[in-house]
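See structure below.
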Ligand SMILES: [Zn+2]
């Protein structure tokens, strides 16, 4: 309802003084409209009342159409949104700097930005737990797009249990078209409210990034139909860029395929499957969970036994854990940044994030 009225008024012909006055009276705006509608319906009949009420509601919509207010949660998807928006506007980034979506808590200014937004892009509740409460309480004028649900996006279940288990990765070679992926995806969706937890690091597969770009263009076009052609153009260009990037990374990583490595938190299975790598394990399943001393000494034993070449820390979780687990094992320490903590936000952030990952892997594993 609200959205349809938006479209009506973006033609601009309803920008009356009366409408502007009402638009200024933001609080109780909608109930004002409702009571106005009722009284008008009584005096002039229903059709006239609908016309007038639409005109009044249209005004704040016009203001939004001039400046398309868009918020994106984390750098990877903020970069994709910025590419699709192009010159139409700049999206606001929520989790900036070295903050991690896993542990982020919102500031009052974030809540205000979300309430004032026309479109909010997030990956999913799993990866951005801080969005859970606020999304439920946002006004209907805010359209929330959960990009992990984008059509064509490949979802994987979160890896659980002992991350050093000998997994059977035999199916991964043909994961692009295998039935296994469909099973994975359906499974993840069906069990969303049940036991299975989806792995939220979906952006680390460039094909998923392309699916998200398409969904971003769709959602932005719905919010600002006058820019549909621009969004489509920008999305097409972004997808071409992502394809080129993926090929570049694939070539770069060919040199380190088959090398054994351990990561800090289990963020990489999308990247691993796409580029044919396999992490031997993770120090922690979730970065908010600190492993025990017993667990660390188990990991040290496994690193030795498996002949792990590199153990990767992450910039935003500065800890001595990596130094502790590689002690006396012969494994080297490297750094990987799956959430872009060290990446400058902006439209180039997505490519920078993936290139940094590839570079981090080859510089430690390739020597
Ligand atoms: Zn993560």
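Values in this text are rule-based calculations from the coordinates and carry no lab data. Note that this is a predicted model, so its numbers are computed, not measured. Cβ: placed from backbone, ideal geometry, glycine included. Neighbour counts: every protein chain shown.
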| Listed peptides 293-301, 145-153, 74-82, 207-215 by packing density, highest first (mean Cβ within 10 Å) | 74-82, 207-215, 145-153, 293-301
| query | For 268, 104, what's the fewest-to-most ordering of other Cβ within 10 Å of each Cβ? | reply | 104, 268
| said: Once you place label points 7 Å from the Cα toward the Cβ at residue 363 and residue 67, how far apart are they in nm? | reply: 3.9
| said: Please compute the modelled spin-label separation between residue 293 and residue 247, points set 7 Å along Cα→Cβ, answer in nm with one decimal. | reply: 5.4
| note | For the stretch 253-365, averaging the sequence separation of alpha carbon pairs under 8 Å that lie six or more residues apart and dividing by its residue count, the contact order in percent is 27
| note | Cα extents of the stretch 215-367 per principal axis, largest first, Å, are 61, 33, 23
